[in-house]
Structures are given as C-alpha cells and as structure tokens.
Amino acid sequence: MNPSVIPALVLLAALVPTAVQAKTIRIEVDGLVCAFCAQGIEKKMKAQPATDKVFVSLEKKVVAVSLKPGQDIADDKLKAEITDAGYVVKGIRRSDESLDDIRKHVKAQK
Ligand SMILES: [Cu+2]
C-alpha cells in the first residue's frame, strides 16, 4: 500500500462510527390526542434498553427518543411498540441533534 494513503484511512476509520451512530430518533405519530396517550407512549419508549430520555409533543404529534451511547432501537421495534399501543407511525428519522434541540425545533414548528 502506498504509505501516503494511510493517514487518510486512519482519519476515515475515526470518522465512520460517529457518522453512523445517531443520538436521537424522531418519530411522527398519528393518534396522540391526550395527556394519557403522551404518558403511555413515553413509558413504552422509556422501557427500551437503548433509551436515554424521551420527549413527547402532543400538539405536534412527535415522539423523540435520545439514545444511550452506541445503542439504537430498530425501526421495526419502534413501529411494533407504537402500533401495539394503538397509534400510527408516520415517519422515523435518526438525527445527531440532542433531545433538547429537537424539543426546541418541534416547539417552534408551525
Ligand atoms: Cu389519549
């Protein structure tokens, strides 16, 4: 191997895990109508081993979960948990934003 490419490879190896690992999952949920819905879904998300913290916006129908370092929850698992509780998952998006940032953005969104 050409020695000049080694620093580039080392850099790439250092960047890849942080690029892949999401900090938070933002889920758009249909059917959240009252505080009991919000509470129930928060409880379900908190019961996941990879969950650090949960934020639920009843008004914007958004559930956001911050993940423990190096951990994740599969989309299928999220969908199953939310569907079983009687709600409809409209979208799942992973993000590098903190839960606080998502909370701010959701509250500001029209
Ligand atoms: Cu409800």
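For residue 109 and residue 33, a Förster radius of 25 Å and the Cβ-Cβ distance give a FRET efficiency of 0.85, rounded to the nearest 0.05.
List the lysines whose Cα lies under 20 Å from the Cα of residue 107, skipping any in the same chain that are fewer than 8 positions away. Reachable lysines: 23, 53, 60, 61, 90. Only alpha carbons enter this Debye calculation for the range 19-110, each as an equal point scatterer, and the log10 of I(q)/I(0) it gives at q = 0.12, 0.20, 0.26 Å⁻¹ is -0.31, -0.90, -1.54.
For the chain, the membrane-span-like helices by this rule, meaning whole DSSP H stretches whose C-alpha atoms cover at least 20 Å of axis and whose Kyte-Doolittle mean is 1.6 or above, are 6-20; this says nothing about an actual membrane. Please find the FRET efficiency linking residue 98 to residue 76, where r is the Cβ-Cβ separation and R0 is fixed at 30 Å, and quote it to the nearest 0.05. Computed FRET efficiency for residue 98 and residue 76 comes out at 0.75. For the pair residue 43 and residue 4, the difference between a 0.36 nm per residue extended length and the Cα-Cα distance amounts to 8.8 nm.
Laboratory data are not the source of any read-out in this text; all were calculated from the coordinates shown. Note that this is a predicted model, so its numbers are computed, not measured. Ideal geometry is used to build each Cβ from the backbone, glycine not excepted, and the neighbour counts take in all protein chains shown.
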